[in-house]
Amino acid sequence: MEYSKKTLASLGARFAVAALAASFLYGCASSGAQTVPRSISGKVQQVESGTVISTRIVVIDGETTRLGQTSGAVIGAAVGQTVGKGSGRTLATAGAGVAGAVVGSVVEKELTKKKAQELTINLDDGGAIVVIQEIREGGFGEGDRVNVSSTPSGEAHVSHVMSTASY
């Protein structure tokens, strides 16, 4: 079975799009366990208790990496290969590759945004702090009792206080 160059380029572009989508979906998949930043793994954390006094929904800005740029450039170049002939095809491939890199960065930035809560917490020791963290499992409400784990570098994580009542 023989395929034309246009058909092969189209198949290549479709494969690239599918591979990009699969890599983003894999990155977004969750094992059910809470993800913590690598920077706090194995570090001593101080824990303080307090009460949430206010919450506000915010969005943590997305990020751009070489993955989005490169994937976009590859897909764009594959699409550019299907246009024109000779030097026109070369120009189309180069232009589509550059445009794809830009679009790939924008798509990655949008896909990596995270819905978060800004939590204002009155600590039991009399102090007050503000922590912004991604919303997981329903988030927090005013009056919730919480523990705030923090590192000396200022990284913090808020979690609900678990009841220790015995039955």
Point to revise | Qualifying residues in the range 104-120 (those that are surrounded by fewer than 17 Cβ atoms within 10 Å (Cβ to Cβ) and without any contact (Cβ under 8 Å) to a residue 60 or more places away in the chain) - the one nearest to Ser54 (Cα to Cα) | key: Lys115
Point to revise | Within the range 121-149, considering residues that are surrounded by fewer than 17 Cβ atoms within 10 Å (Cβ to Cβ), among the β-branched types (Val, Ile, Thr) and under 20 Å from Asp61 (Cα atoms), the one farthest from the chain's Cα centre (by Cα) | key: Val130
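Going through the range 46-86 one residue at a time, which ones are in contact with a strand residue (DSSP E or B) (Cβ under 9 Å, 6 or more places away or on another chain) and over 21 Å from Gly139 (Cβ atoms)?
From the range 46-86, those in contact with a strand residue (DSSP E or B) (Cβ under 9 Å, 6 or more places away or on another chain) are 46-62; that's our starting set.
Correct list: Gln46 only.
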Study note, to complete from the structure: With criteria (1) surrounded by 14 or more Cβ atoms within 10 Å (Cβ to Cβ); (2) in contact with a strand residue (DSSP E or B) (Cβ under 6 Å, 6 or more places away or on another chain), Arg89 comes up short on (2)
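With Gln34, Gln46 as the choices, which residue is at pLDDT 85 or above and exposed (fewer than 15 other Cβ atoms within 10 Å of the Cβ)?
Working: Gln34 fails: at pLDDT 85 or above.
One residue alone meets the criteria, Gln46.
The values are calculated or read from the model by the stated rules, or taken from the named source; none is laboratory data. Keep in mind that what you see is a predicted model, and the values were worked out from it rather than measured. Note: ideal-geometry Cβ built from the backbone for every residue, glycine included; neighbour counts use all protein chains shown.
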